[in-house]
Each structure stands twice: as structure tokens, then as C-alpha cells.
Amino acid sequence: MSIPSAIANPERLVRIIYKEKIKPNDFRPKPNTDEVSILRLEYTIPDFCKKHGKENEKPEDKRIYHGLAVIRAEEVRKVGADVVSAPLQNLEMHGNIKIGCIAIPHEQLPQPYNFMTQRMAQAARFYKDPSPEKEKWESDKNLK
Amino acid sequence: MSELLQSPVKKLRDRFINYDEFSIADDWWNAPEENEEEKGKHPHFIYSGRVHKGATFGRYVSSNIGSIYTQVGTSSEPDEKKKDFNLVKFLYGLLGKIKQETVVKDKELQKELTTFSELKEDWDGYGALTPLKETIANTNRILSNLPPIILESISDLYPNPHGTISLELTNKKDEIVSIEIGKKTYSFFSKFSDKELVTREKIPLDDTDGLLFLLGQLLILSHPDRQ
């Protein structure tokens, strides 16, 4: 399937969650970037998102897969951020939320951007995986 | 000292006389003031244990109590006695809520904070940084400056991918004060349901005015009328 580079407002974006709940730091950029990685759910399935999440676990750092957070592109844009396509090798449905401010190592974000990450965390829906140890996503397939 | 003030303070003293974390100074009404005219007007509190700057906190609450009451909607400016009475009532309300759970929570937060130094580089799989020891020490210092009633409002403490630490305080109305601590300074925002977003950027740890402004926002968040 060909994946369009433009991301429409109704598109659902998935952020893999490694905690008991969504926190604003799930929408914080990587150091020296303004980007937060997401998967475009219209071009993949929850099974794949879960597999990807479990592959990136780091139990020694308490990074243990717990479930999926879903936020729509329009919800990202509503708080002043944007989302763009950023395909990677073997991960064509990858994209980045761009908050518009580079996260400088060990320095605070300007607080309006801190508030922005807070609002995205509040807007996102958390689908806690009832059986994280299993390979497939066995919960609600209709993620909204 | 006004008789009006004595009774509730005595109750407070009786209630907390054996409390490990909190005590009221014997000479609280005579604590030194920079301005002689202010002497005796403001109660001063001495916190034993790990909560510092009690006197500053007491002075701040007393000097700002009028504005706090204005913000919760009093109909008229209180006269001096009424203001003093309101102050004691307000403080009594704050202190009356101190529970053993708060002390336990405080210790849990301290424990949680120490685990951040054990995070390895790339702890989130996307290149996250380990918080610096200075950032952890700064967070500990801010926690130490929070009065017990405010500790109760802490809803989260977590590291951020670029090395800062966030401390979040919320109330039942989903209002929030979010403090972000870095290696040299801290910043915060507050969002109340009836107010615009308030932000303060890169406040040095030794900036008393910055700390007092933060405490003011936290007191509004913790006010009984907002619970």
C-alpha cells in the first residue's frame, strides 16, 4: 500500500506506552530535536504496533510495554503542534509530531511548550493492553 | 496578640505538639521582622525535619492572604481583625489536613527521585538522557521547600527525555501547576479553570521571589475552595 506523505486531520496516531498511564513526557521531543515518534494507524494494525513496542522494551530501565496511546492529527494541531510523515526503513508508517521547539539537553522547554505536551497527554486515549505478554493485540481493535 | 487569634492557634499547637514534622515556634508572634511596624502581625512557623523556610512561608501566606481571599470571591475587603481571623482559619484549614499519609508520600517521592539517577542513557529507546545529579539535587531542594499541605497535591514526578525532571501538582478540578527542573534553574506553568496560562521561565534556585510566586500558585491550587 502506498502511504501518502500528507497527514489528514482525522488520521489516528499511535504512541507506544511503557507506563501504567500516559504522561506528558510521552509527548516530549528527543534531545536536540523537536520530534516525537508516532505510527500512523491508518497504515498499520494494532498487532504491528504492539510487536514494535515489545521489540523496544528495556526492562533493565523499567521500560516495559503497557499499551497504546491514540491521538488524532487534528488534536495535535489544535494545541499548536504539527505532525509529519517520516518513513523509516521497514517502518514506512512512521511519522513525527513536531512541537516547534528543540529540546536542549538538561534545559527546560519554554513553558508554553511544556503546557502543549500536557494538553496532548490529556487529549490522547490510553488503551491498556490486558495481555501484554501475548504476541497479538487481543483487546479492542477499533482504536479511536 | 489578639484574643481572636489565640484560640485557634492553641488548638493547632495542641493538635501538633507531638508531630515529628511540624511545630509552631514558641515565640511565633514575636519573630523578628525587617519592618518594626509589621512585628507581631504575621505568624511565623518553624518546621522541624526536612521542610525549610517556614518563616518565609508564614510571612508569605500572611501578606498574601488578602489576595487569596479576593481570588476566591470575598465580597468586601476584610478589616484587619477579620483578615487575621481569616488567616488563622485558612492556616488552620491547611495544617489540619496534614496526615501521616503525607509524610509517607514525601518519603516515597524522595525514593522515586533517587531512582532517576539509576536510569541509563537511552532509557526510553529514543536517545533519552539520564538526569544530571545537579538536576536531581535541585528537584530535592524544591521538594524540601514545599509545605506539607502542598505535598499532598503532588500527582506525578517523572524524568523527561532531554534530562529535565517534571513535578506535577493537581487538584480535584483538574487544575495544574507543572514545575520543570533543569541543571541550573527551574520553570513552571500554572493553569486554573478561571485564569489564563501563567508561565515563569528559568528561575534560579536561590531566587526567593520566584519561589514565593510559585508557592502562591501552589496555595491557590491547594485552597479548600478548589478541592
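Laid out as a table, the results:
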| item | result |
| --- | --- |
| Residue within segment A:9-16 that is open to solvent by less than 10 Å² (accessible area, probe 1.4 Å), away from chain B (no Cβ under 11 Å) and of a type in the set (Val, Ile, Thr) present | yes |
| Scope segment A:110-144; condition among the aromatic types (Phe, Trp, Tyr) and part of a helix (DSSP H, G or I); matching residues | A:Tyr113, A:Phe115 |
| Where a residue in segment B:126-137 is open to solvent by less than 30 Å² (accessible area, probe 1.4 Å) and its partner, wherever it lies, is of a type in the set (Phe, Trp, Tyr), with Cβ under 8 Å and at least six apart | B:Thr130/B:Phe116; B:Thr130/B:Trp123; B:Pro131/B:Phe116; B:Ile136/B:Phe116 |
| Checklist (1) at the interface with chain B (Cβ under 10 Å from one of its Cβ atoms); (2) within 14 Å of the chain's Cα centre (by Cα) applied to A:Asn32, failing item | (2) |
| Pairs with Cβ under 8 Å, 6+ apart, first in segment B:205-227 and more than 18 Å from B:Lys173 (Cα to Cα), second part of a loop (DSSP other than H, G, I, E, B) and at pLDDT 80 or above | B:Leu205/B:Lys184 |
| Boolean, B:Leu113 is at pLDDT 85 or above, of a type outside the set (Asp, Glu) and under 19 Å from the mean Cα position of the chain (by Cα) | yes |
| Verdict on A:Pro4 being surrounded by fewer than 19 Cβ atoms within 10 Å (Cβ to Cβ), under 30 Å from B:Gly182 (Cα atoms) and either more than 11 Å from chain B (Cβ to nearest Cβ) or more than 13 Å from the chain's Cα centre (by Cα) (or both) | no |
| In segment B:145-161, the residues that are open to solvent by 10 Å² or more (accessible area, probe 1.4 Å) and modelled with pLDDT under 75 | B:Asn145, B:Pro148, B:Ile149 |
| Selection within segment B:168-213 - open to solvent by 40 Å² or more (accessible area, probe 1.4 Å), in contact with a Leu (Cβ under 8 Å, 6 or more places away or on another chain) and β-branched (Val, Ile, Thr) | B:Thr170 |
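The values are calculated or read from the model by the stated rules, or taken from the named source; none is laboratory data. Keep in mind it's a predicted model, so treat the numbers as computed, not measured. Please note: Cβ atoms are built from the backbone with ideal geometry, for glycine as well, and neighbour counts cover all protein chains shown. Each accessible area value is taken on the protein alone, full model and side chains, heavy atoms only, with ligands, DNA and RNA left out. Shrake-Rupley method; radii C 1.70, N 1.55, O 1.52, S 1.80 Å.
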